[in-house]
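Notes follow the structure.
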Amino acid sequence: MMLREINFDGIVGPSHNYAGLSLGNIASTSNAGSVSNPRAAALEGIAKMRHNLSLGLAQGILLPHPRPDHGWLTQLGTDIERASVSLRAAACSASAMWAANAATVSPAADTRDGRCHLTVANLRTMPHRSHEWPATLEQLKLAFGDQRHFVVHDPVPATFADEGAANHMRIAPAHGRPGVEIFVHGQRGGGFPVRQHVEASRAVARFHGLDPERTLTVAQSEEAVAAGAFHNDVVAVSNENVLLAHEQAFAERDHFYATLQRLVPDVQVIEVPASEVSLEEAISSYLFNAQLVTLPEEGMGLILPGEVREIPRVWHWLGRLAAGNGPIRSLFVVDLRQSMANGGGPACLRLRVVADPATVDPRFLVDEPRLSIISDVINAHWPDELAPDDLRDPELPGRLERARLALLERLELKELA
Ligand code: SUG
């Protein structure tokens, strides 16, 4: 077994648009009504994957979902022609691109049966995301269908909201060794909804057969949610024995860090003080929504969105971090403007799975030639622009469906059609 961390990125679907559907996600609400560029959005995602491949990282994909979601509209007693503006937008959302919300993943080293467990997220807080899980589940069951190595679980009942890996972190001495899994939930969010329910986190931990002694549930601070940290991955990120977090990310931070220190004595907590980077600066730059990765050569690197350069205090802090003696030595900046305008940075776009690539369905893995195939399809079929009114265009559904079908055909994944 050659275990590796594989990042599965959601390919941005052809219906990517700015309908302002996510209350509590400041980018989404403040860009409501803007014109989107689905083709540019998807190509930015491909460029990030190319970049990460060039660093020697393993890369996978998850596919866009069928949009509009006719089945969901039928369940609501309507269809795309007759649906209200908000239901039509929810049925057309490309939000499945944010693969960090697809599922929670526990590597084999942490689970009772020694297999990698994945639980698809129910995403029930936001209507436009609540209908993602069946199409996600279908893909996870294909990609991770080898039951000697993987177990794919149905979602937690919708009574308890679950947003997947965006609220889950793991601290471990090294890949392949048992880690401590940290489930982060919301309690209060000021005027904003909290997305993750603690009971959903506990259920996922039970499904995965985690050791209760090495499983922590931690609450987000109310200030963080109220400032726009609708998911924990907007204010914290972990990799191996490193936790990088904003000072105000967690409700009971001292107790959390002390417990972590006891369980993983060589944990390194890198905290960004509020006096140096405010919550508002962290959220508008998405500094913490970086991919924190172990580089094959040496040390760790952060894959950051271009917006971190726009806030001098953030860029300055990062510069000092990389110049210091800590584990994070390299900064890589990628342009994800289109996804960022809906509140999704580098980490939102990927689902981390520790697995031997040979045990994953190869159609969900990519190298340079496969990325070229995908970008050819995007160039040929993804709309250049979408304005909110375009969602009413009777020609649009057919165009979106043909675009997705063209991609599935080229990737030999027509069973998802
Ligand atoms: O759920 N945005 C997503 C962004 C998800 C980011 N993911 C992580 N933090 N892991 C959300 O709020 C906006 C869609 C719209 O407004 O049309 C949206 O759904």
* Structure fact -> Yeah, segment 154-250 with a ≥ b ≥ c from its alpha-carbon gyration tensor (a/c under 1.5 is rounded, else prolate when a/b outruns b/c, oblate otherwise) is oblate
* Structure fact -> Expressed in square angstrom to the nearest 10, the accessible area of PHE332 with a 1.4 Å probe stands at 40 Å²
* Structure fact -> Heavy-atom accessible area of HIS70, protein chains in place, probe 1.4 angstrom, given in Å² to nearest 10, is 80 Å²
* Asked: Taking the Cα centre of segment 4-416 as the origin, how large is its charge dipole in debye, to the nearest 20, when only Lys and Arg (+1) and Asp and Glu (-1) carry charge on their Cβ atoms?
  -> 340 debye
* Shape call for segment 194-263 from the C-alpha gyration tensor, a ≥ b ≥ c root eigenvalues: rounded (a/c under 1.5), prolate (a/b greater than b/c) or oblate? -> oblate
* **Relative contact order computed over segment 4-416 (Cα-Cα under 8 Å; 6+ residues apart), in percent** => 23 percent
* Structure fact -> Quick note, segment 300-417: a/c under 1.5 would make it rounded; otherwise a/b > b/c is prolate and the rest oblate (a ≥ b ≥ c, C-alpha gyration tensor); here it is oblate
* **For segment 8-54 versus segment 183-252, the gap between their alpha-carbon centres in whole angstrom** => 24 Å
* **Approximate spin-label separation GLU409-ARG50, in nm, with each point projected 7 Å along Cα-to-Cβ** => 2.5 nm
* Cα-projected label distance for THR259 with ALA417, points at 7 Å along beta-carbon direction, nm -> 5.0 nm
* **Accessible surface, the chain, averaged per residue in Å² (probe 1.4 Å)** => 38 Å²
* To do: Could you check which residue among PRO178, PRO66, PRO265 shows the biggest mean-square fluctuation in a GNM of the chain with a 10 Å Cα cutoff?
  => PRO265
* **Dimensionless Rg/Rh of segment 4-416 - Kirkwood Rh, Rg from C-alpha atoms** => 0.94
* Go ahead and set up a Gaussian network model of the chain, Cα springs under 10 Å, then flag whichever of PRO173, PRO305, PRO107 fluctuates most. => PRO173
* Given the rule -39500 (n - 2.57) for each run of at least 4 DSSP H residues, summed and divided by the residues of the chain, what is its mean residue ellipticity at 222 nm, to the nearest 500 deg cm²/dmol? -> -9000 deg cm²/dmol
* Structure fact -> By the mean-Cβ-within-10 Å protection proxy, highest first, 251-258, 334-341, 272-279 rank as 334-341, 272-279, 251-258
* Asked: How long is the gain from LEU295 to MET1 if the chain were fully straight, where each residue apart is worth 0.36 nm and the alpha carbon distance is subtracted?
  -> 103.8 nm
* To do: Sort 87-99, 32-44 for me by packing, meaning the mean count of neighbouring Cβ atoms within 10 Å per residue, highest on top.
  => 87-99, 32-44
* Asked: Which of these, LEU55, LEU304, LEU292, has the largest mean-square fluctuation under a Gaussian network model of the chain (Cα springs below 10 Å)?
  -> LEU55
* Would you mind pulling out the separation of the Cα centroids of segment 342-417 and segment 295-340, in Å? => 27 Å
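The values are calculated or read from the model by the stated rules, or taken from the named source; none is laboratory data. Keep in mind the model is a prediction, meaning the values are calculated, not measured. A quick note on method: Cβ atoms are made from the backbone with ideal geometry, for glycine too, and the neighbour counts reach across all protein chains shown. Please note that ligands, DNA and RNA were not included when accessible areas were found on the heavy atoms of the full protein model with its side chains. Shrake-Rupley method; radii C 1.70, N 1.55, O 1.52, S 1.80 Å.
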